[in-house]
Amino acid sequence: MNTHLAPADLTPVPPAPPLGPVRFGQRLQRALQRLVNRMGPPQFVLMDLVAQRWRADALGALVRLGIADALGAGPMEVDALARRLGLHAGATYRLLRALAREGLLVEQGRAFGLSPLTEPLRRDHPHSMANMILELSCARNAHLWARLSEAVQSGDGVWETFSDGNLWTWLDAHPDEHAAFHGAMRELTREGAPSFARAYDFGRHRTVADLGGGTGHLLGAILAVHPNLRGVLVDAAQVVAGAGPVLAGFGVADRCEVVAGDILDGEIPAGLDVYVAKNIAHGVSDALLAAPMRRWRQAMRPDSVLVLIDVVVPPDGPYLGFLDLQMLLASQGGRERTEAEFATLLSANGFALDRVIPTPAPMSLVVARPA
Ligand SMILES: C[S@@+](CC[C@H](N)C(=O)[O-])C[C@H]1O[C@@H](n2cnc3c(N)ncnc32)[C@H](O)[C@@H]1O
């Protein structure tokens with residue numbers, strides 16, 4: 001798999017941003033956006049909102065074609081850029097011009113450069129979102145989202161578009177998309193990990209497992225912030241194969257065991273203090289989570305703690321609603337849950353909800369104990 005890491009994957013865990021100012025900034029941004037939306041004639045504002053999809057595809061092309069990386073050293077003249085990357089010069093110009101006139105690139109005659117907003121499209125940017133942009137703009141997701149109306153009619157996902165298996169088996173058979181998906185998760189988790197690692201006092205424990213922990217970015221951050229902890233990373237073999245450089249980058253490889261295992265159908269490491277599962281529950285229905293969660297419960301000690309990290313849908317106000325729709329389309333009956341829905345899921349499977357800890361990221365820690 002592609003284990004290319006951005007420099008930020010290899011640096012110490014930065015401080016978590018403060019919750020209050022982050023929330024204030026988000027509220028301000030939304031208020032300004034609502035104001036902007038009211039300023040134009042609704043028919044054109046609406047069209048512009050829908051055309052965001054075109055922008056997403058154009059930005060995806062910048063990453064996919066290597067243009068963003070090529071512009072990393074500074075603006076380039078379009079014919080030289082097209083020659084270097086083997087692209088059609090006229091079409092490349094039209095792509096770059098379209099983005100530049102939206103303020104997303106800097107345009108100087110026939111030369112184009114990245115703007116501060118598009119710098120993170122580079123793979124070597126400290127906060128690179130290159131894989132996330134690839135993932136969000138990939139053909140698989142375009143096909144799935146084109147079937148949203150069907151999913152809303154039936155209430156079922158449309159994953160059978162691609163296979164009768166699930167996302168994970170499909171990704172295993174498609175190396176480029178496997179790399180983009182897990183790279184996207186690593187990028188997303190990298191940005192939230194400083195907050196997640198400090199939001200809960202992991203430091204009062206000795207051992208922590210990350211179930212479905214991907215390439216180990218969250219566990220790496222938790223272990224780096226809490227030097228007394230030892231960790232166990234569990235995920236599919238093809239995924240944990242990419243964990244070595246991430247854990248080494250955090251300087252925690254000697255305190256972390258890496259286990260290739262099945263967290264839904266197999267056994268998990270027994271008797272640890274804390275079990276974290278980030279963005280796992282939201283991909284699986286309550287019914288399909290029942291057996292695994294009961295097995296997790298059996299593997300835990302009575303005083304172990306389960307920390308699910310996911311979106312917690314608030315009673316009102318904003319949340320990652322489009323991620324919930326992504327789960328509707330492409331997961332095994334997964335959904336973003338309210339606090340009450342988490343409480344029901346937990347109590348049905350041998351746990352009691354202890355508390356929900358909000359973070360500056362759009363996800364919260366749902367802390368539970370064996371009931
Ligand atoms: C949405 S990703 C989240 C990854 C990581 N927790 C994070 O937030 O960055 C879900 C992860 O669960 C893993 N996964 C899914 N089903 C699994 C299974 N049955 N056993 C082990 N890992 C699984 C996937 O390989 C993937 O890494």
Please go through the stretch 321-353 and pick out each residue that is surrounded by 15 or more Cβ atoms within 10 Å (Cβ to Cβ), part of a strand (DSSP E or B) and at pLDDT 95 or above. R337, T338, F351, L353
Is it the case, given these coordinates, that D273 is charged (D, E, K, R), more than 30 Å from N141 (Cβ to Cβ) and either in contact with a Leu (Cβ under 6 Å, 6 or more places away or on another chain) or surrounded by 17 or more Cβ atoms within 10 Å (Cβ to Cβ) (or both)? yes
Quick test for you: out of E191, E150, pick the one residue that is open to solvent by 20 Å² or more (accessible area, probe 1.4 Å) and within 16 Å of the chain's Cα centre (by Cα). E191
Criterion first (modelled with pLDDT under 95 and either open to solvent by 10 Å² or more (accessible area, probe 1.4 Å) or out of contact with any Asp or Glu (no Cβ under 7 Å at 6 or more places or on another chain) (or both)) does E135 satisfy it? no
Working carefully through the options I357, I309, find the one that is open to solvent by 20 Å² or more (accessible area, probe 1.4 Å), of a type in the set (A, V, I, L, M) and at negative phi. I357
So how many residues does the stretch 66-85 have that are over 24 Å from S128 (Cα atoms) and outside any helix (DSSP H, G or I)? 0
Listed residues G183, G157, G113; which is in a loop (DSSP other than H, G, I, E, B) and either small (G, A, S) or in contact with a Gly (Cβ under 8 Å, 6 or more places away or on another chain) (or both)? G157
Among the residues of the stretch 241-258, count how many are open to solvent by 40 Å² or more (accessible area, probe 1.4 Å) and not small (G, A, S). 5
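The values are calculated or read from the model by the stated rules, or taken from the named source; none is laboratory data. No experiment lies behind these values; they were computed from the predicted model shown. Every residue, glycine among them, receives a Cβ derived from its backbone with ideal geometry; neighbour counts consider all protein chains shown. In case anyone asks, the SASA skips ligands and DNA or RNA and just uses the protein heavy atoms, side chains included. Shrake-Rupley method; radii C 1.70, N 1.55, O 1.52, S 1.80 Å.
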